[in-house]
Structures are given as C-alpha cells and as structure tokens.
Amino acid sequence: MSLTVQAPPTRRAVFPFTAIVGQEEMKLALLLNVIDPKIGGVMIMGDRGTGKSTTIRALADLLPEIEVVADDPFNSHPTDPDLMSDEVRERLSRGEQLPIAHKPIQMVDLPLGATEDRVCGTIDIEKALSEGVKAFEPGLLAKANRGILYVDEVNLLDDHLVDVLLDSAASGWNTVEREGISVRHPARFVLVGSGNPEEGELRPQLLDRFGMHAEIRTVKDPAKRVEIVEQRSEFDRDPIGFLARYQAQQQALQHQLLQAQALLPSVTIEHQLRVQISQVCSELDVDGLRGDIVTNRAAKALAALEGRVTVTVDDIRRVITLALRHRLRKDPLESIDSGYKVQKVFCRVFGLEEAVGENGAVAARA
C-alpha cells in the first residue's frame with residue numbers, strides 16, 4: 001500500500017493535518033476514531049473560526065487509500081464479509097471474480113437541508129414492480145461507507161435525521177424500506193459532527209449517542225495566533241511547497257495510524273482498570289453503559305496509537321473526559337462539563353492526587 005500523501009496536481013490541495021497548531025483534544029479524538037471506528041464518532045463543539053472543518057478535511061486527506069470492489073456503489077471490501085454489500089456476497093458465493101480498485105477514503109459532507117431520501121437512498125418502486133428488480137439509488141450513507149461522514153452545524157440538523165445517522169453509525173448498516181421492498185447496505189463510517197453552542201445544543205439523548213465530545217476554544221496566546229495566521233497565509237500563497245515541507249511528517253503519521261489499526265486487536269486492559277472505569281461512570285451517575293464501553297475502547301486505541309499492547313492509567317486519564325463529559329447532564333438546560341467533574345472523580349477512584357485546572361487539565365501522580 002502506497003504511503004505517498006502529497007496531493008497530485010489534479011487534486012485540490014488540503015491543509016496538512018500535521019501542520020495544524022493546537023486543538024490537541026479534537027485531533028486526538030479524531031485519530032482514535034480512525035483507529036477504532038466503533039468508538040462511535042466525535043461531536044466537536046466550539047467557537048466559530050477555530051479550524052473544525054479544516055482539521056476534519058485534513059484528516060481525510062491524510063488517510064491511506066482503501067481496497068474496494070471496483071463496480072460496487074457501497075465501497076465494499078473485496079475480502080472482509082462484514083464490509084460487503086449483500087450483492088457482493090452473492091457474487092462471491094457464485095465464484096465470481098471481483099474487480100478490485102484502490103480509492104482515497106471519502107469525506108462526505110452532509111448539507112443541512114438534506115432530505116431523508118438524499119441521506120439514506122431511494123427505491124424506484126415503478127422499476128421494481130415492472131421489471132422485478134430492486135432498483136436502488138444510493139444516498140450519502142452509501143458514499144460514506146468506510147469513510148468519514150461530516151455534519152457541520154449538527155445542532156441545527158433535524159432530530160429525525162440525526163437519529164438516522166446515529167443508528168447507521170452504531171449498527172454499521174443502512175436499511176431502506178418502501179412499499180414492502182427492503183434494501184440494505186453496509187454503512188460503516190466515522191461520524192463527525194461540529195457546531196457552535198451559541199446556536200443551540202443537541203438534546204442530551206442524542207449527545208449520548210456520540211462516542212466522544214471534544215471542546216475547542218479560540219486560541220488566546222498571541223504568539224500562537226500569529227503562528228496560525230502565518231501558516232495559513234503561507235499555505236494559501238504556495239500550497240504545493242507548503243505540503244512538500246510537511247510530507248515526511250504526514251507519511252510518518254499515516255504509517256503510525258496503519259500500525260495502530262493492526263496492533264489494536266492485541267491491546268489488553270487489566271480487569272481492575274475496567275472495574276475502576278465503571279466505578280467512575282457509576283459515581284458520575286452516567287446512564288447506560290455507553291460511557292464504560294467508549295472509555296475502554298478509546299484507552300485501547302490510544303495505547304495502539306503509541307505502539308503499546310497494555311493500557312495504562314494515564315491512557316484512561318487522557319480519554320475519559322472526552323468519553324464522559326457529555327453524558328453527565330440530566331437537565332437539557334445544564335451546560336456540558338468542561339472536564340473538571342470527570343477528572344475529579346477519576347483522581348479519587350484511581351487514587352491519584354488532584355491538580356485540576358479550570359479547563360479540566362489534570363496533573364496527577366500516585
């Protein structure tokens with residue numbers, strides 16, 4: 001598999017992921033979801049103009065190409081049955097030789113005004129009745145399979161559509177039914193939502209369905225602000241030259257992600273640490289078990305990202321706020337915890353000293 005990431009002349013240049021300054025919480029959440037998409041996606045809430053869209057597009061551009069069945073509209077995997085459409089499975093069972101192609105990972109933008117038919121796809125009833133075939137017009141979920149589905153201003157999207165997206169992200173399948181005809185296809189994608197809290201919040205029931213919640217704020221340090229502005233100006237002036245400067249770092253991170261994906265099945269987490277994670281969730285009065293599951297998965301993904309096969313307490317500390325902060329609210333009018341409450345309970349349960357700042361950062365030692 002090729003690790004070349006420099007944009008060819010035929011493609012629009014994308015700002016490199018490794019050149020993005022700050023916003024470490026958002027970048028970490030996105031990388032962990034790429035390593036293990038079953039974490040359940042990321043909700044990114046923050047001020048306008050803080051690089052949310054730029055970072056997500058940069059991540060999609062960084063990822064390596066994937067193997068797909070060339071003539072399949074769902075980006076089916078040629079050998080993994082879990083990532084195949086039913087039609088591709090049938091073709092394989094008949095012994096058919098599948099044409100294989102390599103294509104970049106898709107980042108699909110979901111427009112705010114999208115209809116359910118545009119998102120899920122439609123069935124041509126007339127053709128189905130007259131010709132006896134399932135004439136299915138794929139939607140955005142089909143295009144996003146094995147890629148990234150990005151919903152900007154997700155807090156302004158119709159709740160019904162958000163439900164559809166979250167159901168597909170959780171199950172890995174999209175099912176369309178009409179007039180007694182049913183079509184389903186794989187829909188495994190990293191769901192990324194972003195929004196500005198000033199424009200409205202998601203209902204707590206929907207927030208809970210996102211695996212992680214990252215908060216980003218406008219950078220206050222003047223020196224860092226100048227660095228960001230200069231980088232953006234330099235990229236706009238000479239995109240190809242700017243990309244060339246970061247190509248080695250892009251390749252290194254891409255290789256690190258591939259290694260982490262391969263290492264992930266071997267990563268283990270001690271039983272006692274799992275008990276303590278559940279104790280934190282219990283003391284925070286988190287409804288359901290999603291918080292426990294996501295924290296375990298995210299800690300394993302972080303260990304894999306750093307090339308380790310055993311989860312440490314520090315891995316848990318670094319991901320637990322991302323996994324739990326949006327699950328604490330019982331009242332829709334409450335604001336989302338910055339991380340202080342989660343880290344305070346974490347330190348107590350894990351027997352660490354607290355040194356929690358206003359932004360939820362913790363310096364903890366045994």
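Structure summary
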quantity: Only listed residue being in a helix (DSSP H, G or I), touching a Lys or Arg at 6+ places or on another chain (Cβ under 8 Å) and among the aliphatic types (A, V, I, L, M), chosen from Leu273, Leu264, Leu258, Leu243; calculated: Leu264
quantity: Some residue of the stretch 321-333 being modelled with pLDDT of 80 or more, part of a helix (DSSP H, G or I), under 17 Å from Leu32 (Cα atoms) and hydroxyl-bearing (Ser, Thr, Tyr); calculated: yes
quantity: Qualifying positions in the stretch 226-283 - in contact with a Ser or Thr (Cβ under 6 Å, 6 or more places away or on another chain) and under 28 Å from Leu328 (Cβ atoms); calculated: Ile277
quantity: Condition check for Gly95: under 20 Å from the mean Cα position of the chain (by Cα) and either small (Gly, Ala, Ser) or surrounded by fewer than 16 Cβ atoms within 10 Å (Cβ to Cβ) (or both); calculated: no
quantity: The one condition in (1) among the small types (Gly, Ala, Ser); (2) touching an Asp or Glu at 6+ places or on another chain (Cβ under 7 Å); (3) over 18 Å from Pro186 (Cα atoms) that Ser85 fails to fulfil; calculated: (3)
quantity: Selection status of Leu59, touching a residue at least 12 places away in the same chain (Cβ under 8 Å), crowded, with 20+ Cβ neighbours inside 10 Å, under 26 Å from Leu161 (Cβ atoms) and assigned by TED's automatic domain parsing to the domain that holds Leu207; calculated: yes
quantity: Where Gln272 falls short, out of the listed (1) more than 24 Å from Leu59 (Cα to Cα); (2) buried (at least 16 other Cβ atoms within 10 Å of the Cβ); (3) over 18 Å from the mean Cα position of the chain (by Cα); calculated: (2)
quantity: Residues satisfying the stated conditions in the stretch 281-326, i.e. among the hydroxyl-bearing types (Ser, Thr, Tyr) and either surrounded by fewer than 24 Cβ atoms within 10 Å (Cβ to Cβ) or in contact (Cβ under 8 Å) with a residue 60 or more places away in the chain (or both); calculated: Ser282, Thr310, Thr312
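The values are calculated or read from the model by the stated rules, or taken from the named source; none is laboratory data. The model shown is predicted, which means the values in this text are computed figures rather than measured ones. All Cβ positions, even for glycine, are placed from backbone atoms using ideal geometry, and neighbour counts span all protein chains on display.
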